[in-house]
Every structure is written in structure tokens, then in C-alpha cells.
Amino acid sequence: MLVTTKELLLDAQKKNYAVGAFNINNMEIIQAIIGAAEELNSPVILQASQGGIKYAGIEYIAALGKAAAQKAKVPVALHLDHGTDFDQIVLCIRNGFTSVMIDGSKYPFEENVAITKKVVEIAHAVGVSVEAELGKIGGTEDDITVDERDATMTDPEEARRFVEETGVDSLAIAIGTAHGVYKGEPKLDFERLKAIREVVEVPLVLHGSSGVPSESLEKAIALGICKVNIDTDIRAAFARGVKEFVAENPDEIDPRKILGPAREAMKEVIKDKIKIFGSVGRA
Ligand code: G3H
Ligand code: ZN
């Protein structure tokens with residue numbers, strides 16, 4: 001069934017687990033996510049980025065996501081990931097997304113507050129929940145010093161003020177993770193997470209979670225992370241599945257046979273994540 005992200009995250013917050021938010025780009029990825037969630041009786045979030053929407057088309061991705069959610073035996077939310085454009089956010093809401101992210105993290109604090117408030121006002125008017133971001137979650141390829149890294153992390157007092165002033169339903173924070181493939185092992189700032197948790201009441205979101213060791217994810221969840229975003233690890237499983245199959249069956253031309261093993265490979269990765277997040281049996 002299709003639900004809002006807010007209700008999923010509030011339950012996760014109350015019971016101290018996290019809901020996986022997995023990026024969707026095509027039918028096979030969606031089926032892998034739903035299949036994994038159903039096998040483990042877990043709630044799940046399907047999230048489409050602006051790039052994913054551009055690739056598939058808003059009507060296609062929304063229709064696929066909603067069909068999957070409505071048919072699913074577990075609660076499923078349909079979420080816009082890293083929305084930066086007001087008009088596109090409205091379009092997603094119009095197409096049935098049950099939550100949206102407004103990512104104003106590249107703006108100075110006051111501007112981020114202003115754009116986030118605007119989105120909260122229109123989204124809440126139609127029962128759609130909103131995630132915002134404070135601090136900068138970089139890419140792993142970004143070449144920055146330790147001091148620069150610290151400066152981009154979320155400040156607890158700013159986070160408190162941001163949530164109070166905007167009325168957001170959840171907050172993505174920068175505590176040392178980055179998008180993409182990590183060069184070394186990511187080091188999470190758990191003290192910062194604790195300090196944010198103490199002053200912010202809404203559920204907290206961890207981005208750039210692919211490649212983060214499971215013990216770090218478990219610790220972050222124990223300290224208050226309620227939504228964990230995964231994209232890169234799914235991409236890697238997809239590519240591995242396709243490459244392995246094609247290498248072993250170079251003459252195969254049936255797309256179903258080529259993509260089927262990739263779907264299975266993604267499902268296994270997603271099941272492993274769901275187990276780490278502690279959402280098994282929470283549907
Ligand atoms: O918003 C999407 C996530 O933050 C994905 O991060 O590609 O490192 O898993 P990831
Ligand atoms: Zn992200």
C-alpha cells in the first residue's frame with residue numbers, strides 16, 4: 001500500500017530502527033526493492049532523483065512507483081530525492097509522490113530556510129511530507145581537507161533552528177558520509193549525530209550510505225537515524241549482474257534474460273541492507 005514517508009519514519013523513530021530509501025530508475029530496480037521488502041515484511045521507500053525522473057519521465061516513474069506500492073503487501077512511500085527545483089517538486093506532488101525532499105543545502109542558512117518553508121507550506125497543504133538538508137553531503141570524489149570537511153558538517157544549533165523555523169518532517173544531516181564510491185573507509189561523526197539528536201525532534205536522514213560499514217550504520221541508527229539512503233550499492237549490483245550474465249552468455253539477446261539476473265542481484269543487496277536497518281518484520 002502507498003503511504004507517506006512521515007508515518008513510516010515516525011514508527012521507525014519510536015521503535016529505533018531505520019527505513020531504507022532506495023533509488024529507482026527503472027522497473028527492474030523497483031521490483032527488486034519491493035521483492036526484498038516483501039520477503040522480509042519490511043516497510044520501504046522508493047525514491048526518484050531528478051536524474052532518475054529525467055531518464056524515465058515523470059509519468060513513467062510515478063506510474064511504476066504507484067503501481068508497485070499499491071500492489072505491495074508492505075507499506076511503501078514514493079519520494080522525490082534531492083529536489084532542487086520548486087516547479088518540479090510541485091509536479092511530483094501532482095503525480096502522486098507521498099513525500100518530497102527540498103535540497104537547499106548549497107544555499108546560505110537563511111535562503112535554505114526560505115525555500116524549505118515554501119515547499120513545506122504547499123506540500124503540507126496536500127498531506128505530503130517534506131525532507132530538507134542542512135550541511136553539505138559531498139561526493140567521494142570531492143578533494144577537501146579535514147577542516148573543510150568539518151565546516152560542511154551539520155551544526156547542531158543550526159539544525160535545531162532550521163527545523164523549528166521550517167516545520168520540516170525530517171532532516172538530512174552531514175556527519176561524514178558522501179555520495180558515490182568511497183576511496184577509503186568513511187568515518188562518521190557520531191558525537192555530532194548525538195548532539196543533533198538531542199536538540200532536533202524530527203527523524204534524521206543519512207545520505208551517501210552505500211559503502212558505509214554495517215557497524216557504522218547500526219550505530220547511526222541506534223543514535224537516531226531513521227531513514228537510510230542507498231543508491232550506489234544498487235547500481236553496482238545491477239552492473240555486476242548484467243556484466244556477469246553477458247560474459248557467460250554473449251549471444252543472448254532477450255532483455256528479460258539479461259536483466260533478470262541483475263534484478264536478483266539487486267534484491268539480495270537490498271535484503272542485506274534491510275536486515276542492517278532493523279526494519280525486518282515492521283510492515
Ligand atoms: O540520495 C541518495 C543517497 O544519498 C545515495 O547515496 O549513492 O552513496 O548510496 P549513495
Ligand atoms: Zn543523497
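The values are calculated or read from the model by the stated rules, or taken from the named source; none is laboratory data. Please read these numbers as outputs of a predicted model, since none were measured by experiment. All Cβ positions, even for glycine, are placed from backbone atoms using ideal geometry, and neighbour counts span all protein chains on display. When the accessible area is computed, the model is the full protein with side chains, heavy atoms only, and any ligands, DNA or RNA have been set aside. Shrake-Rupley method; radii C 1.70, N 1.55, O 1.52, S 1.80 Å.
Give me the accessible area per residue for the range 2-277, probe 1.4 Å, as a whole number in Å².
Ligands and nucleic acids excluded, the result is 45 Å² per residue.
Write out the trypsin sites (Lys or Arg not before Pro) in the range 142-204 meeting two conditions: DSSP loop, and at most 15 other Cβ atoms within 10 Å of their Cβ.
Answer in residue order: K183, K187.
Got a sec? Charge dipole of the range 2-277, +1 on Cβ for Lys and Arg, -1 for Asp and Glu; which of G83, A36, A239 is way out at the positive end?
A36
Find the Rg to Rh ratio for the range 207-248, where Rh is the Kirkwood radius over alpha-carbon pairs and Rg uses the same atoms.
Reported Rg/Rh (Cα atoms, Kirkwood Rh): 1.18.
In the chain, what percent of the accessible surface is made up of carbon and sulfur (1.4 Å probe, ligands and nucleic acids excluded)?
53
Counting other Cβ atoms within 10 Å of each Cβ, which GluC sites (Glu not before Pro) in the range 118-189 have at most 12 and sit in a DSSP loop?
E141
Could you give the size of the charge dipole of the range 175-283 about its Cα centre, using +1 on the Cβ of each K and R and -1 on the Cβ of each D and E, expressed in debye and rounded to the nearest 20?
260
Please express the shape of the range 172-283 as an equivalent ellipsoid: the semi-axes are the square roots of 5 times the eigenvalues of the C-alpha gyration tensor, given largest first in whole angstrom.
34, 15, 10
Once the mean 1/r over all distinct Cα pairs of the range 54-109 is inverted, what Kirkwood radius in angstroms do you read off?
Averaging 1/r across every pair of different Cα atoms and inverting gives 12.2 Å.
Give the relative contact order (percent, whole number) for the chain; include only Cα pairs under 8 Å separated by 6+ residues.
Once divided by the residue count of the chain, the mean separation gives 23 percent.
Given charges of +1 on the Cβ of Lys and Arg and -1 on the Cβ of Asp and Glu, with all other atoms neutral, how large is the dipole of the range 2-277 about its Cα centre, in debye to the nearest 20?
With only Lys, Arg, Asp and Glu charged at Cβ, the dipole is about 840 debye.
Against the 2.2 N^0.38 Å scaling, with N counting residues, where does the range 2-277 land? I'd like the Cα-based Rg ratio to two decimal places.
0.97
Could you tell me the distance between the Cα centroids of the range 70-138 and the range 205-262, to the nearest Å?
What the calculation gives is 24 Å, centre to centre.
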